[in-house]
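Written below as structure tokens is the structure these notes are about.
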Amino acid sequence: MSKMRYSRRAILKGGAAAAAASALPAPMIWAQEIKDITLRQFGTGVSNLNDVATKVKEDLGFTLEMTALDSDSVTQRAATQPDSFDIADIEYWICKKVWPTGNLQAMDTSKIANYDKIVGIFRNGKLTPESTIAQGTAPHTVGFVDGPGGTSFADNETGWMTLIPTIYNADTLGIRPDLIGRPIESWTELLNPEFKGKASILDISSIGIMDMAMVCEAMGEIQYGDKGNMTKEEIDATFAIFTEAKQNGQFRAFWKTFDESVNLMASGEVVIQSMWSPAITAVKSRGIPCVYQPLKEGYRSWGGGLGLSANLSGMELDAAYEYINWYLSGWVGGYLMRQGYYSAVPETSKDYMSENEWGYWFEGKEATGDITSPTGDVLAAAGETRDGGSFEERMGRVACWNAVMDENQYMVRKWNEFIAA
Amino acid sequence: MTRNFIGWLQAAPLALILLGFLVAPIIMIVIVSFWGATEYSIYPDFQFDNYAFLFGSKVVWKVFFATFKYAAIVWVLTLTIGFTVAYFLAFHVRSLTWQIALFLVCTIPFWTSNIIRMISWIPFLGRNGIANQTLISWGVIDQPLEWLLYSDFAVILAFVHLYTLFMVVPIFNTMMRIDHSLLEAARDAGASGFQTLVNVIIPLTKPGIMIGTIFVVTLVMGDFITVRFMSGSQSANVGRLISNDIGLLQYPSAAATAVVLLCTVLIVIGIMLRFVNIRKEL
């Protein structure tokens, strides 16, 4: 254990440490041993990218094993199989469910080099000091605990973080502007009879219910106390509206996987539906016009982060901290932002993006040249701007966060009934 | 005594496999169906909540009804098509070589996976799919037909496409065993072609029909993926109920539904076996 005092990160930090490194043999041992370390990470497909694992091996030397699962399986695994992972890449609402099991350990923010640069959403809930905090499971409400062993969430920045935020975005409806032919401004359009048989919603209860709530609220049919934590009456009222729409043939289909949503939109079966940012990208890269339409009621947002297994200790724990620091240091952020997501520490990502990319994706400026995805497809040509505009415009207009409700099981049963209705 | 022992020994491998991979899992499912579940875990218990919810929910009854509806419609269609194809192969095609060749032709689509055969219908039936485009260009319709895809029609079409062969094979098999002299005798006795079919061929083909029926009914009642894809997630059958429960980590509830489905299917098969003795066939 003693040789672990010379962590690679500490050494890279300053010149003094570098001098020590040349004088002492320990870093060499570290460098040797770190190659044998394997960290097992699992999470949703969004950020479990093989490119990241490859880059980790290159930059940090250790091996990162990635497992991608759907969000239900992720929740289950984090809650029931603590020995099966070292790092959990989960969403904040999953954290709310999983943290009480004690399978994750809080992280010491003083060991996180870029902690001070993490955007306010994840620290005090406010993007700017004037921002109001959105409904639902806002990340900062489940982001901190009182101490290393804390089991309940703290309401301020305690220095002990549950998840280190990594990736987040603001979701809205995707539309086919060429097939609709008029401006779309409100969530109510999802149930507009004009689009009968041409609308779709996702068949993932925890997210679908939020999109439904955005629609019902925009229609003025229901006033929710908290969309992220509905009462049984609110749940019933929401499903009543959508069941009626379903029986009237409003929906062409429901989708469950990313690919399905892309195909529905690209084939023209559906012209307006709930959608995820990279799915828009996928439709566009086929040369089909598709817009991630900003709506006046605001966005439904989500965020994810990395959590450490309670079983991590010693050298593995140091490696995990090093990995997290590396994650926030910019390369991954740039990679994710080029897909339309946001990084928790945007300013570090800037160095890994061209000025054109940074302007287009983050600042909402007109592209000065072709914007390409990480795989090389052209997503936008010079002169185009990002749907929804800049980071502040998009993340500043979040109406609610993905959430887990107290009445979750009731909601799930109602969801099943909705599908069968 | 030793013969008896050898008999047991010979039966043992299959018995063990069935015990380990069929009986044990079913017992496990039955046990779990009485357990309780929280949002992310299950705990051993002995409660009837899962069954109470199952039988108390109107939606579950509706879904079981839908499952029977699919099974019945698909059964009628696959039987009609399957019987016709088998009849043609067995009695109209004279040479054995041609019979075998044509039979193999029937199986060609089955060289690809189930899922691919099913999904390939989607671009065909879609709003801008080949079917609609062709009909419009022929002037048969002005507007694309919406009900071709993501509807019960699509679900049943896919089922019939997927499972007709399971009807053809056993019926063809039994028909091939019918002694052709019986047909000659029927004709000599003055029976018309239709009378021969109703009074000679169908009764003798019953075991094959029954085996095909068991295949089709169990496959359709246990399916979830065809219904999900072809109805665009808009319709449900029991299989989807189970798969949704599993997705939401409600294993005990899924197990209870599975037990009820298993019993239902066994009862259906039990009733069918009262009508036909398939042992004659085996």
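Take the residues of segment A:273-282 that are buried (at least 24 other Cβ atoms within 10 Å of the Cβ) and of a type outside the set (S, T, N, Q): which is farthest from A:GLY174 (Cα to Cα)?
Among those that are buried (at least 24 other Cβ atoms within 10 Å of the Cβ) and of a type outside the set (S, T, N, Q), it is A:ALA279.
Can you name the residue in segment B:25-48 that is touching a residue at least 60 places away in the same chain (Cβ under 8 Å) and in a strand (DSSP E or B) and is also farthest from A:TRP99 (Cα to Cα) among such residues?
Of everything passing the filter in segment B:25-48, B:GLY36 is farthest from A:TRP99 (Cα to Cα).
Sort through A:VAL262, A:VAL271 and tell me the only one that's within 30 Å of A:LEU64 (Cβ to Cβ), within 14 Å of chain B (Cβ to nearest Cβ) and not charged (D, E, K, R).
A:VAL262
Conditions first: (1) part of a helix (DSSP H, G or I); (2) over 26 Å from A:MET219 (Cα atoms). A:ASP155 passes all but one, so which condition is the exception?
Every listed condition holds for A:ASP155 apart from (1).
If a residue must be open to solvent by 20 Å² or more (accessible area, probe 1.4 Å) and touching a residue at least 60 places away in the same chain (Cβ under 8 Å), how many such residues does segment B:70-90 contain?
Looking only at that region, the number is 8.
Could you check segment B:146-161 and list, in sequence order, the residues that are at pLDDT 90 or above and either among the charged types (D, E, K, R) or not in a helix (DSSP H, G or I) (or both)?
Matches in segment B:146-161: B:LEU149, B:TYR150, B:SER151, B:ASP152.
Looking at the structure I just gave you, is A:SER110 touching a residue at least 12 places away in the same chain (Cβ under 8 Å) and either farther than 16 Å from A:ILE164 by Cα or over 18 Å from the mean Cα position of the chain (by Cα) (or both)?
yes
Would you point out which residue out of A:GLY303, A:GLY268, A:GLY314, A:GLY249 is in contact with a strand residue (DSSP E or B) (Cβ under 8 Å, 6 or more places away or on another chain) and touching a residue at least 12 places away in the same chain (Cβ under 8 Å)?
After applying the criteria, what remains is A:GLY303.
Mind listing just one residue for me: the one in segment A:161-191 that is of a type outside the set (Gly, Ala, Ser) and surrounded by fewer than 17 Cβ atoms within 10 Å (Cβ to Cβ) and, of those, nearest to the chain's Cα centre (by Cα)? Walk me through it before giving the result.
Step one: list which residues in segment A:161-191 are of a type outside the set (Gly, Ala, Ser), which gives A:161-169, A:171-173, A:175-180, A:182-185, A:187-191.
Right, trim to surrounded by fewer than 17 Cβ atoms within 10 Å (Cβ to Cβ) and you get A:177-179, A:182-183, A:185.
Numbers: A:PRO177: 26, A:ASP178: 29, A:LEU179: 30, A:ARG182: 31, A:PRO183: 28, A:GLU185: 24 Å.
It comes out as A:GLU185.
Evaluate the following for B:SER231: is it within 14 Å of chain A (Cβ to nearest Cβ) and either over 19 Å from the mean Cα position of the chain (by Cα) or under 17 Å from B:VAL155 (Cβ atoms) (or both)?
yes
Please find, among B:VAL220, B:VAL200, B:VAL260, the residue that is away from chain A (no Cβ under 12 Å), in contact with a helix residue (DSSP H, G or I) (Cβ under 8 Å, 6 or more places away or on another chain), under 30 Å from B:PRO123 (Cα atoms) and of a type in the set (Val, Ile, Thr).
The unique qualifying residue is B:VAL220.
Select from segment A:379-421 the residues that are under 21 Å from the mean Cα position of the chain (by Cα) and within 11 Å of another protein chain (Cβ to nearest Cβ) and write down the one among them that is surrounded by the most Cβ atoms within 10 Å (Cβ to Cβ).
Ranking the candidates gives A:MET405 first.
Against the definition (open to solvent by 20 Å² or more (accessible area, probe 1.4 Å), touching a Cys at 6+ places or on another chain (Cβ under 7 Å), more than 30 Å from A:GLU269 (Cβ to Cβ) and away from chain B (no Cβ under 14 Å)), how does A:GLN135 come out, yes or no?
yes
Looking at segment A:192-212, which of the residues that are away from chain B (no Cβ under 14 Å) and either within 14 Å of A:VAL271 (Cα to Cα) or not hydrophobic (A, V, I, L, M, F, W, C) (or both) is least open to solvent (accessible area, probe 1.4 Å)?
If we take residues in segment A:192-212 being away from chain B (no Cβ under 14 Å) and either within 14 Å of A:VAL271 (Cα to Cα) or not hydrophobic (A, V, I, L, M, F, W, C) (or both), then A:ASP211 is least open to solvent (accessible area, probe 1.4 Å).
All but one of (1) part of a loop (DSSP other than H, G, I, E, B); (2) within 30 Å of A:VAL404 (Cα to Cα) hold for B:ARG94; state the number of the condition that does not hold.
(2)
Out of (1) surrounded by fewer than 18 Cβ atoms within 10 Å (Cβ to Cβ); (2) within 14 Å of chain B (Cβ to nearest Cβ); (3) without any contact (Cβ under 8 Å) to a residue 60 or more places away in the chain, the odd one out for A:GLY102 is which?
Going through (1) surrounded by fewer than 18 Cβ atoms within 10 Å (Cβ to Cβ); (2) within 14 Å of chain B (Cβ to nearest Cβ); (3) without any contact (Cβ under 8 Å) to a residue 60 or more places away in the chain one by one, A:GLY102 breaks only (3).
The values are calculated or read from the model by the stated rules, or taken from the named source; none is laboratory data. Keep in mind that what you see is a predicted model, and the values were worked out from it rather than measured. For neighbour counting, all protein chains shown are included, and Cβ atoms are generated from backbone atoms with ideal geometry for every residue, glycine included. Surface accessibility is based on the protein's heavy atoms, side chains included, excluding ligands, DNA and RNA. Shrake-Rupley method; radii C 1.70, N 1.55, O 1.52, S 1.80 Å.
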